[in-house]
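See below for the structure under consideration.
The values are calculated or read from the model by the stated rules, or taken from the named source; none is laboratory data. In this text the structure is predicted, and so the values were computed from the model without any measurement. As a convention, Cβ positions derive from the backbone with ideal geometry for all residues, glycine included, and neighbour counts pool all protein chains shown.
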Amino acid sequence: MNEGFVQWWSLMTTMEQVYWIIALPSSVIFIFFMVITFFGGDGNAEFDGDIDDGIPFQFITIKNLVGFFTIFSWTGLACIQGGYSVLTVILCSSIAGILMMLAMATIFYLMSKLTESGNVNLKKSIGSIGEVYLVIKNNRKAMGKVQLKIEGTFQTLDAITDDDEDISTGGLVDIIDVTNNNVLIVKLSSK
């Protein structure tokens with residue numbers, strides 16, 4: 001077996017050998033990343049231990065570099081087998097590798113946009129009706145609680161009123177505003 005490998009290796013040009021040296025380890029690492037990603041791992045840790053987060057579009061990451069070298073090397077080997085010139089092989093393999101990096105960066109960028117923040121935009125509650133859960137004292141004397149549906153989920157939120165009378169439990173209120181610290185300003189509903 002060793003003789004067959006040595007003979008196969010010695011029949012290659014230096015350029016083919018270089019592309020094979022890049023293709024084999026990068027392909028193994030690429031497959032490793034695919035497997036750990038499939039099983040829920042990130043596989044994109046940087047050398048200092050940080051995860052590639054916070055930057056919306058990242059072109060140069062470990063995954064993208066592995067993808068570049070994998071596609072670069074296999075495209076180069078295909079071009080060499082096709083009988084292309086050295087310049088054409090390098091150009092085609094480089095373009096293919098860069099396109100792979102761009103595709104992977106775009107995919108991960110779009111995937112990051114699919115996450116939800118989990119924050120509810122309370123401004124969307126203005127104009128809606130809620131039900132008092134805990135008594136709201138008049139003229140902002142004490143905060144109460146209001147239950148209402150916002151963005152498809154029921155929420156129990158702090159509320160105050162400028163009304164002259166307390167709003168008792170079970171009463172319906174109109175949400176008229178939201179304070180800077182996310183407290184609803186309500187008034188007794190006329191409905």
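Some notes on this structure:
- Residue identified as surrounded by fewer than 11 Cβ atoms within 10 Å (Cβ to Cβ), in contact (Cβ under 8 Å) with a residue 12 or more places away in the chain, on the phi < 0 side of the Ramachandran plot and polar (S, T, N, Q) among T161, T153: T153
- Picking from residues in segment 140-161 that are closer than 18 Å to S189 by Cβ and polar (S, T, N, Q), the one that is modelled with the lowest pLDDT is Q155.
- Taken as a whole, the structure leaves L77 outside the set of residues that are in the same structural domain as I29 (by TED's automatic domain parsing), part of a helix (DSSP H, G or I) and loosely packed, with under 13 Cβ neighbours inside 10 Å.
- Matching residues in segment 1-53 - criterion: being assigned to a loop (DSSP other than H, G, I, E, B), among the polar types (S, T, N, Q) and at pLDDT below 85: N44
- Look at (1) within 37 Å of the chain's Cα centre (by Cα); (2) buried (at least 18 other Cβ atoms within 10 Å of the Cβ) and you find that G144 fails only one, number (1).
- The set of residues in segment 135-191 that are within 18 Å of V120 (Cα to Cα) and part of a loop (DSSP other than H, G, I, E, B) comprises E151, G152, T179, N180, N181, N182, V183.
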